[in-house]
Amino acid sequence: MKGRKRHGWRRVINGVTISTFVIVVLLAAPLYWLIVSSFKTPEAMGVSPPQYFPSPVSGANYSDAFKQYDFGIYFRNSLIVSLVATALVLIFGTLAGYALARTPMRGKFTTMVTLLMISLFPAIALIAPLYLLMRQVGWLNSYQALIIPYTAFNLPFSIWILRNYMLGIPKEMEETGRIDGASPLRTIWSIILPMALPGVFTAAIFCFTACWTEFLMALTFNDVNTYKTIPVGIATFGTPTLTPYGEIFAASVVAVVPIGILVFIFRKFVVSGLTSGAVKG
Amino acid sequence: MATVSMEKLNKVYENGFHAVKDMDLDIQDGEFMVLVGPSGCGKTTALRMVAGLEDITSGELRIGDKRVNEETPKERDIAMVFQNYALYPHMTVRENIGFALKLRKTPKDQLTAKVNEAAEILGLTDWLDRKPGQLSGGQRQRVAMGRAIVRQPSVFLMDEPLSNLDAKLRVQMRAEVARIQRHMAVSTIYVTHDQVEAMTMGDRVTVMRSGVLQQVDTPQHLYDNPDNLFVAAFIGSPAMNLYDGVIGEGARSLKLGSQVVNLPDSVALKRPALPGYAGKDVVAGLRPEHLPAAPPNYDGPKLVGDANLVEALGSELVVHFTIDANRVLAEGAVDKDEAAAVLHGEGVARVAAKTPVKPGDKLTFAVDCEDMQFFDKDTGLAIRG
């Protein structure tokens, strides 16, 4: 049985390919429906039998989402919060990852384990104290109310990834840098960082996605319209009597697009970043 | 003036491992000094201490006449070539070579001129805009050298730079490295475990073992006059044949197993301390080329051995033989396969290509006693006087 090569039509139509196809269809179906429905008019939305392709094709949902439902504001807020948090995570994560990978320091293992424990902590348990803290500091309904916690919660994972990547860089690289005369920061910037770029991209993707889709804290801290992020914004699109499905779908499509593009561009790193260090340890 | 002087240099690691013990070594200006020894002998540690990549536990290190124990690698004005080249993979060859100069804020036109000059010396001019990933092993090695020479440092340090190359390329690069070093006239410390590299490249060679310096000498002198058993067995390929033997009265004979080799008077004359060992056990050493096949009717000092294996090299025959004397093994001096042969009592002789001998024959060797080596059985030191 082992090593039997399939020939002819069995190469294309067999158990493996059929199940893969089924799984892909099941996963893609909701996405397809989302995109297709976002271009439907309200009447065509609930029609039976359902339209598998919108007719007529209408962009009204999109313009409404932005004009009537302030989606532009939510998009902007999500962008600011996610980008800043990701930038902070990358800066601190790189430096921390390098320190944990390289410097002769006691308690490195303890630090790594502590970081791991922090990342496993359920955010919901911290919501109440964090809310009180934000209220006391006067940061409710602001960008920093989200940026700071997002940075804190995403740092452990990024530090892990970046540290693993840097462990894979041969020590001679830094030694050569030292001999050439580079200061430690210069070494990190010119030598280590370019070589750890895959790890950096991986950390960036995961962090950005996590911030972009975070709901709990965004809902709790920023409930004023001008500071809502996309997940919260879309959830509060409607009123008790009217649920604007078309606009919700349109907004969701727009929300998914940046993530989709990023993950598509950096798909190699998403896989490799998670498995790097798995062989070397 | 870029001499390097090590005085009682010691390196003890945190876990207590004593890697380098009281090392004294002086390297002259412009000299090519090779540090050679088996793995773990401390040669790389010593090199890294000179580079400033390892802290010096005790002792004095001077470059030029300045004590540099506490100085950073950059301040010591040294350049290093690593075994795996350590090229910056994201930079082009030009940027790799010029990186150190860029860090020193060298003006752009000077930087370009120096990089081009280094590239020309190394034959890399056509490859300046490639990245290391696009180069062959030999080219990468030359880029690593380019990075070192462009700085015009006081000292070159090289840590087994040719180990990653295939045999043929290694031979080629040996000559290249030696040529460049002569051209630059920079003091060089070169670490290798390959004694052929050591012998062919060094002005002087330092043999190390277990952190202790064994002998420093020119290659030929090291070969002809090893100070102890380890150096005798380590230098030379195939290795020297070392046997347990007993010195006769006045050092005029040597008993090896059941055979007695008559020694000419010159042997005792050259080694005044030898007659004092009469009746005692010593270790006698004979290099393979000192055991040519004896012509018929030969009546000089001779040895008869059973030939086990005859290897025809074309220019000569390498005969693996046994006699009934005990062979002596110097720990760590030879590789595993040779060590196994030694423990079986096998010796190696190099005889003329047309000698009529085949496995199973008894072969008589005309022993060349002039360069025979004798070692004290307890201390392992050469018996000279």
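Remind me, relative contact order of chain B in percent, using alpha carbon pairs under 8 angstrom and six or more residues apart? Don't skip to the answer; put the middle values down first.
Values: 810 pairs, mean separation 61.0, N = 385.
The normalised contact order for chain B reaches 16 percent.
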Amide H of B:G42 versus every other amide H placed in the peptide plane: which residues, excluding those fewer than 5 positions away on the same chain, fall under 5 Å? B:G211
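Go through A:K171/B:K131; A:K108/A:K171; A:K171/B:K168; B:K66/B:K102 and tell me which ones have a Cα-Cα distance over 24 Å in this structure. Working shown, then result.
Working: A:K171/B:K131 20 Å; A:K108/A:K171 18 Å; A:K171/B:K168 29 Å; B:K66/B:K102 26 Å.
With Cα atoms farther than 24 Å apart: A:K171/B:K168; B:K66/B:K102.
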Set of region A:73-111 residues, backbone N closer than 18 Å to the point 7 Å along the Cα-Cβ line of A:F121: A:89, A:93, A:110-111
Note: probe point = Cα of B:K255 + 7 Å toward Cβ; backbone nitrogen < 11 Å; residues of region B:278-293 passing the test are B:279-281
For chain B, what's the radius of gyration and Dmax over Cα atoms, in angstrom? 24.5, 78
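Over every pair of different alpha-carbon atoms in region B:336-385, take the mean of 1/r and invert it; report that Kirkwood radius in Å. Spell out each step's value before the answer.
Details: mean 1/r = 0.0706 Å⁻¹.
For region B:336-385, inverting the mean 1/r across all distinct Cα pairs yields 14.2 Å.
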Where the only charges are on Cβ atoms (+1 Lys, Arg; -1 Asp, Glu), what is the dipole of the protein assembly as shown about its Cα centre, to the nearest 20 debye? 2600
Give me the base-10 log of I(q)/I(0) for the protein assembly as shown at each q in 0.05, 0.07 Å⁻¹, Debye formula, one uniform scatterer per Cα, rounded to two decimals. -0.44, -0.71
Descending Cα extents along the principal axes, region A:156-266, whole Å: 71, 29, 20
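Given R₀ = 25 Å, FRET efficiency for A:A235-A:L26 by Cβ-Cβ distance, to 0.05?
On the way: r = 25 Å, r/R0 = 1.00.
It comes to 0.50.
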Which whole-Hz ³J(HN,Hα) couplings does region B:4-13 yield from phi under the Karplus relation 6.51 cos²θ - 1.76 cosθ + 1.60, θ = phi - 60°, glycine and proline marked x? 10, 10, 10, 10, 6, 6, 10, 9, 10, 7
So for R0 = 30 Å, FRET eff. of A:L219-A:T111 from the Cβ-Cβ r, to 0.05, ends up at 0.40
Could you work out which residue, out of B:E346, B:E117, B:E31, moves most in a Gaussian network model of chain B, that is, has the largest mean-square fluctuation with Cα springs under 10 Å? B:E117
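If we count every other residue with Cβ under 10 angstrom of B:G385's Cβ, Lys/Arg +1 and Asp/Glu -1, where does the sum land? Before the final figure, lay out each step's value.
Numbers: positive: B:K270, B:R271, B:R384; negative: none.
For residues surrounding B:G385, the net value is +3.
Would you please calculate the Kirkwood hydrodynamic radius of region A:8-58 over all C-alpha pairs and express it in Å, rounded to one decimal?
This gives a value of 12.9 Å.
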Please give the FRET efficiency for B:S136 paired with B:R62, using the beta carbon to beta carbon distance and R0 = 51 Å, rounded to the nearest 0.05. 0.85
Using only Cα atoms, tell me the angle between helix A:15-38 and the longest principal axis of chain A; keep it within 0 to 90° and round to the nearest 10. 60
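How big is the charge dipole of region A:70-189 about its Cα centre, in debye rounded to the nearest 20, if each Lys and Arg gets +1 on its Cβ and each Asp and Glu gets -1 on its Cβ?
Details: 9 positive and 5 negative charges, 48 e Å.
For this selection, approximately 240 debye.
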Under the rule of -39500 (n - 2.57) per DSSP H run of 4 or more residues, summed and divided by the residues of the protein assembly as shown, what mean residue ellipticity at 222 nm is obtained, to the nearest 500 deg cm²/dmol? -13500 deg cm²/dmol
Which order do B:V231, A:V24 fall in if you start with the one that has the fewest other Cβ atoms within 10 Å? A:V24, B:V231
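Going by how many other Cβ atoms sit within 10 Å of their own, how do B:H221, B:H183, B:H90, A:H7 line up, fewest first?
Working: B:H221 13, B:H183 10, B:H90 16, A:H7 7.
Result, fewest neighbours first: A:H7, B:H183, B:H221, B:H90.
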B:E120-B:D378 pseudo-label distance in nm [points 7 Å out on the Cα-to-Cβ vector]: 6.5
Binning every alpha carbon pair distance of chain A at 10 Å from zero, what are the percents per bin? 6, 21, 25, 23, 16, 8, 2, 0
Under-5 Å amide H pairs with B:D361, H placed in peptide plane, nonlocal only: B:A307
Expected sort for B:K358, B:K270 with the fewest Cβ neighbours (10 Å cutoff) up front is B:K358, B:K270
Spin-label model distance (nm) - B:K336 vs B:A312, 7 Å beyond Cα toward Cβ: 3.2
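Rounding to the nearest 20 debye, state how big the charge dipole of region B:4-232 is about its Cα centre with +1 on each Lys and Arg Cβ and -1 on each Asp and Glu Cβ. The partial results should precede the final answer.
Values: 29 positive and 31 negative charges, 180 e Å.
Taking the Cα centre of region B:4-232 as origin, the dipole is about 860 debye.
Can you bin region B:4-232 into rounded, prolate or oblate? Criterion: square roots of the alpha carbon gyration tensor eigenvalues sorted a ≥ b ≥ c, rounded for a/c under 1.5, prolate for a/b above b/c, oblate for the rest.
prolate
If you add up the charges near A:P156, with Lys and Arg at +1 and Asp and Glu at -1, over every other residue whose beta carbon is less than 15 angstrom from its beta carbon, what do you get?
On the way: positive: A:K108, A:R163; negative: none.
Residues near A:P156 contribute +2 overall.
Read-outs: derived from the displayed coordinates by stated rules, not from any lab. What you see is a predicted model, and the numbers here were worked out from it, not measured in a lab. Every residue, glycine among them, receives a Cβ derived from its backbone with ideal geometry; neighbour counts consider all protein chains shown.
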